[in-house]
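The structure appears right after this line, and notes come after that.
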Amino acid sequence: MIGFIGGGNMAEALIKGVRSSEFGVRSMNIFVSEPREDRRRYLEETYKIKTTSSNKDVAASCNIIILAVKPQNIVAVLDEISDVITDEKTVVSIAAGITLSYLQSKLKTKKLIRVMPNTPALVQEGMSVLSLCECFSDKDIAAVREIFMSIGKVLTLPEKYMNAVTALSGSGPAFIALFIEGMIEGGVKMGLDMDNASELAIQTLIGTAKLLDTGMPPAKLREMVTSPGGTTAAGLKVFDEKGLKGIVIDALQAAEKRAEELGRRG
């Protein structure tokens, strides 16, 4: 049985993914703890799952427990469930900045996994990165991978890279959204209405992402679109003069630094 402590947006994305999964986890029962009664009722009616207000009941009943709570709530949750977490249970934390060593200090199991998913998981196009100890059997880790594969792509990396992952794929959707906001506003300034500018910008983003997903290097795609002395070259010249690439790198490094600062408590 898969247990979720916290029934918010990311938990719902995972529940939806598991329910529609092509993997074996589709058949697993789901049990969710959530403090809000209206939210519990919504999850029960929408996904036909069992819910409760008790975190401890979920932790005691499930063999895979996903901690889908905010980092500021993780200490209280771990204290509440610690006495029912045994060494055969797998605990998965998606709370940003909470380290494996901190989880290990609170729980009586070595089967701990830290995951950084991202917001596109809400439409099953997420990017999730797993960090874990070497104590897992192939069977145990396969089940967790399948849960996260149900909402997109999965990588497994050493925990030392998690701050960089947080900056790149965790914060990345907000950075990309800001760029698209700029494209839409630029379109409106050139005379397009908001709906048309939005459709042009968003579909351009989707199509470009799909082209890059074929394996085409970004530099190659840029060269394909850019003709000497043409419109694209004129726009790219402004980006170069303003140092766009350097600004993007600086933003990622600032996000990574902040992730490191937040992680020091755990």
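In this simple spin-label model, placing a label point 7 Å from the Cα along the Cα-to-Cβ direction at both LYS257 and GLU88 gives a separation of 4.9 nm. Packing order of peptides 156-165, 64-73, highest average first: 64-73, 156-165 (average count of other Cβ atoms within 10 Å over each peptide's residues).
Between the helical axis of 138-149 and the longest alpha-carbon principal axis of the chain there is an angle of about 50 degrees.
Taken along the Cα-to-beta-carbon direction at a fixed 7 Å, the label points for GLU199 and THR109 span 4.9 nm. Helix 37-47 and the longest principal axis of the C-alpha atoms of the chain enclose an angle of approximately 80°.
A 1.4 Å probe run over the protein chains yields, for the chain, 57 Å² of accessible area per residue, whole-number rounding. Helix 244-263 axis versus longest C-alpha principal axis of the chain: approximately 20°, rounded to the nearest ten. What separates the Cα centres of the stretch 134-195 and the stretch 1-51 is a distance of 21 Å.
Per atom type, the chain shows carbon and sulfur on 57% of its accessible surface, probed at 1.4 Å. Per-residue packing, averaged as other Cβ atoms within 10 Å, sorts the ranges 8-16, 218-226 into the order 8-16, 218-226, beginning with the highest. For the cross-link pairs LYS189/LYS242; LYS70/LYS160; LYS110/LYS160; LYS89/LYS257; LYS70/LYS108, which exceed 25 Å when the distance is taken from alpha carbon to alpha carbon? Cα-Cα > 25 Å for LYS89/LYS257; rest within. With the simple spin-label model, which puts each label point 7 Å out from Cα in the Cβ direction, the ASN29 to GLU185 separation comes to 5.2 nm. Taking amide hydrogens as placed 1.01 Å from N in the peptide plane, the amide H of PHE4 sits under 5 Å from those of PHE31, VAL32, SER33, ILE66, each at least 5 positions away in sequence or on another chain. Calculated [222 nm] ellipticity per residue, helices only, for the chain: -16000 deg cm²/dmol; basis is -39500 (n - 2.57) per DSSP H run with n ≥ 4, divided by all residues, nearest 500. Between the stretch 221-266 and the stretch 54-102, how many Å separate their Cα centres? The stretch 221-266 and the stretch 54-102 have Cα centres spaced 37 Å from each other.
The values are calculated or read from the model by the stated rules, or taken from the named source; none is laboratory data. A quick note: this is a predicted structure, and the numbers were derived from the prediction, not measured. In this analysis, Cβ positions are derived from the backbone assuming ideal geometry, glycine residues included, and neighbour counts consider all displayed protein chains. Just so you know, the surface numbers come from the protein's heavy atoms only, side chains and all, with ligands and any DNA or RNA stripped out. Shrake-Rupley method; radii C 1.70, N 1.55, O 1.52, S 1.80 Å.
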